[in-house]
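Novice: Let me give you the structure first, and then I'll get to my questions.
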């Protein structure tokens, strides 16, 4: 991955007296680290129109975001889930570079956390090839210490297994980690794994949906998230 040297220098200056509250900080990818919300919505819309000839509301399209893609396709139509899945992936991969984008302030936050000494990781329900594709289009400004995808666990969010796999790779205990995500499934997974949980509102789900689950905080901006993560 590419490292942002200027941002590293600024972060070192700011972090003279700051330390991470958790030594391990894990992030969801879609709707948390990268803005793939429109990419996902449009991919769902295309697959349902092409395969089933139907149009759903945005709320219906996005209700399962954060869970594995195939499970979402089954929820739309179990009999044609494979066709929906393949159609979604073809369109999604063809349009990733065009529609995926960054959230203002997230790259600076990641650099700041890494310079402060935290180990950083991604835990996502996205398949590894899709993760590699979006990270190639939008390279991270840091070196991730671990990246766990759908391919790396047998059970998936909201089950705790993906987070436990990440922690095992880092030789870390759940109490030493916080998981940050934009969906209720992220928070459920963190709680089940014994990690702290933080919700962010700049992704798919509104604050009210996140507030139904146990969290350390629910934040509206990367700057506010930095205030939670650094002491």
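Novice: Does segment 105-125 hold any residues that are under 17 Å from residue 147 (Cα atoms), over 15 Å from the mean Cα position of the chain (by Cα) and in a helix (DSSP H, G or I), and which are they?
Specialist: Those that are under 17 Å from residue 147 (Cα atoms), over 15 Å from the mean Cα position of the chain (by Cα) and in a helix (DSSP H, G or I): 111, 113, 114.
Novice: Within segment 159-175, can you find the residues that are surrounded by fewer than 18 Cβ atoms within 10 Å (Cβ to Cβ) and assigned to a loop (DSSP other than H, G, I, E, B)?
Specialist: 159, 171, 173
Novice: Checking the conditions here, which among 171, 197, 190, 166 is modelled with pLDDT of 95 or more, in the same structural domain as residue 105 (by TED's automatic domain parsing) and over 16 Å from the mean Cα position of the chain (by Cα)?
Specialist: 171
Novice: Inspect segment 11-20 for any residue being assigned by TED's automatic domain parsing to the domain that holds residue 173 and modelled with pLDDT of 95 or more and give the result as yes or no.
Specialist: yes
Novice: Tell me yes or no: at least one residue of segment 29-43 is modelled with pLDDT under 95, under 24 Å from residue 189 (Cβ atoms) and assigned to a helix (DSSP H, G or I).
Specialist: no
Novice: If you take just the strands (runs of 3 or more DSSP E) that sit entirely in segment 176-231, which of them hold at least 1 residues that are surrounded by 23 or more Cβ atoms within 10 Å (Cβ to Cβ)?
Specialist: 177-181, 196-200
The values are calculated or read from the model by the stated rules, or taken from the named source; none is laboratory data. What you see is a predicted model, and the numbers here were worked out from it, not measured in a lab. Reconstructed Cβ throughout: ideal geometry from the backbone, glycine too, with neighbour counts over all protein chains shown.
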